[in-house]
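Here's the structure, in structure tokens; my notes come after.
What follows draws every value from the coordinates through simple rules; no lab data is involved. All values reported here derive from a predicted model rather than from experimental measurement. For neighbour counting, all protein chains shown are included, and Cβ atoms are generated from backbone atoms with ideal geometry for every residue, glycine included.
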Amino acid sequence: MPGAPALSVAAAVVLSALSGFVIYRLLMRPMAGHPIFAAVLVTVTLGILLRAAIVLVYTDRIRHPLPLLGLANPPRRLPGGAVVSTFDLLTVGVAALFLVALFAFLRLSPLGIQMRAAGEKALLAAQRGINFQLLFALSWALAGFAGALAGVLYANNVRLDPSLGVLGLKAFAVALVGGLDSLGGVIPGALIVAAVEVLSVRYGDPLLADVSPFLCLLAMLLVRPWGLFGTKEELERV
Amino acid sequence: MALGGGYFKTTYDGDLALVDTRLRRVTLAALVAALLLLPRLASPFVLDLVTQVALAAVGALALNILTGFAGQVSLGHAGFIAAGAFTTAVLVEHRLPSPLLAARRRPGRRRAGRGRRDSGAQAQGALPGPRHAGAAPRRALRVRGVSESLGREHRGVDSPPRLGTWVLKGTTAWYYALTAVAALVLILSVNLQRSRAGRAWMAIRDREIAAESVGIDVARYKVLAFVWSSGLTAVAGALFAYHRAFVSVEAFGFFLAIEYIAMIIIGGLGSSLGAVLGAAFVTLLPYGIDAAVAGLRAPGGAEYYLFPAKFGAFGLLMAVFLVFEPQGLVGIWRRIRNWFSLWPLRYRPLRPAS
């Protein structure tokens, strides 16, 4: 059926966004008032559950979706002599597009401004009549959406395998190196982490590449715990 | 602790006693006797299960010192277990004169040093939750990378530990040794909690600013918690290496760290009894699922679903405990105990008798 892949990608992305809502409602909202550590652990258990569900429902085998779909991933020559695959270009394009859209949403739309307010201080935001529950659910949905997008692109470009979730830990490193509360910091953060990883494969031990994102993170936490572009926290006062 | 039925502590000695009531003395003696007699009564399989529980309990108690007492997060304890295990393996390979003693002391001390360094960034003070948690997994992965880049991903520990002329070998010997070590670590953990450091840790866990304002050196005690915890975890790793007689980097993944966190959460954060209960629960859960599947006589091909089902049950239980029973198994145990000690009344008096 022509157009089926596009349709299924759209379905996957929308379903992930919806499941973000459901996860917030069922799992994260009951954790309000508990230590943040417990909430973080709930997300870890969520990862375990989802992975088990995927293996139970689908398969635990490694797949390569593109040949199965009969699609090709031809290499493209870039000016300057670099050669990248089509899906590499697509990934970069989608990432840039998503980042711009997210930036515009958070800066310009009323909902985005409310979301930033709720993120900064939920209590004050609620007192100004902002429905922060809805906004937290929305941010979960957005995260689900972006995660599904990343998963589709990565699976098509590299491989589909149930342990893809480990990528999320790398994303943690990127977000923290760039600065947790800075959207613009994601770009330099991602570039630094990726560059160190690629260079350590090229010039060092390939096994070192597994840990290089975390070495970056460690270095950043020792020098600037708030990240490259994050806001420096003030001391907590009574 | 306010107990129900007219039990008051009237002397300082009574307040300091580890085992305070006659009922507790009797049950503890019964438990010790049962553990001593178990090898005569139980099959080697059961003995091995108890041994595994004891080994897990050492690690869980160590993590509980950090997370339960001091309220600090570590998703990297698998790294410390790996460090202890690999140090032991290397020492055994180089034929140190007394591997048992060497392994017991050295990784503990060495890892304690690393714990100090690692926790430096976190102990500096105001690192909030998510960043904190993000900092932790790197440790597991880093240790893994280091042991991989040493060029050997796995090592055999072929000589059993010996102390003088006594050689630790066989299921029963391992059972006694590991149960004794677990009991020692349990006593250590209970005593640590009652000590000055333990009370400082709990104050920091409950409210950092308040702790600092009553004169607790927050950074120092946080580092101390990391040192104790990672040192003891490395001891668990060293024992693991001897018990399995084989160490491999695959065994020390991110999942192992999650497993230990699950133990202290399911058991009940901040309680030594909880850590032991949680260790037993998490260790025995896969065997329980195996037995259930065998009892149901599931159709062929069930083996394929067994592993993900175990994995999923584990995640589900952890989520259920986190959301619905944050006090863990110990919370359930306390409710049951209170029900009995207050019976036939339903509530404890509003004002505890002083």
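Each part reduced to its alpha carbon centroid, the range A:117-157 and the range A:25-61 end up 16 Å apart. Restricting the GluC sites (Glu not before Pro) of the range A:184-238 to loop positions (DSSP other than H, G, I, E, B) with no more than 13 neighbouring Cβ atoms within 10 Å leaves A:Glu234, A:Glu236. Counting Cβ atoms of other protein chains within 10 Å of each residue's Cβ and taking the mean over peptide A:33-40 gives 6. Kindly flag which residue pairs out of A:Lys121/A:Lys232; B:Lys169/B:Lys222; A:Lys232/B:Lys222 have an alpha-carbon separation exceeding 27 Å in this structure. Cα-Cα > 27 Å for B:Lys169/B:Lys222; rest within.
Loop-located chymotrypsin sites (Phe, Trp or Tyr not before Pro) in the range A:55-144 (DSSP state other than H, G, I, E, B) with a sparse environment of at most 11 neighbouring Cβ atoms within 10 Å: A:Tyr58.
Note on B:319-330: average number of Cβ atoms from other chains within 10 Å of each residue's Cβ is 3.
Residues considered: A:Val152, A:Val57, A:Val44. Largest GNM mean-square fluctuation over chain A, using C-alpha springs under 10 Å, is found at A:Val57. The range B:228-303 and the range B:33-50 have Cα centres separated by 19 Å. When each of A:Leu123, B:Leu188 is scored by the number of other beta-carbon atoms lying within 10 Å, the sequence from fewest to most is A:Leu123, B:Leu188.
Enclosing the Cα atoms of the range B:188-229 in their convex hull gives a volume equal to 58 cubic angstrom per residue.
Using a 10 Å cut-off on Cβ to Cβ distances, tally the other chain neighbours for every residue of A:48-61 and report the average as a whole number. Other-chain Cβ atoms within 10 Å of each residue's Cβ, averaged: 4.
With only the Cα atoms considered, the range A:97-238 has a convex hull volume of 141 Å³ per residue.
Counting only alpha carbon atoms, the long axis of helix A:132-157 and the longest principal axis of chain A meet at about 10°.
Which part of the range A:37-60 falls in the paramagnetic zone of A:Leu68, meaning amide N under 20 Å from the point 7 Å along Cα-to-beta-carbon? Under 20 Å, as judged by backbone N against the label point of A:Leu68, lie A:50-60 of the range A:37-60.
Taking a point 7 Å from the Cα of B:Leu184 along the Cα-to-Cβ direction, the residues of the range B:20-48 with backbone N closer than 18 Å to it are B:36. Derived scalar couplings between HN and Hα for the range A:210-221 equal 4, 9, 4, x, 7, 5, 4, 4, 4, 4, 5, 5 Hz in order, rounded to whole Hz, by the Karplus curve 6.51 cos²θ - 1.76 cosθ + 1.60 (θ = phi - 60°), x for Gly and Pro.
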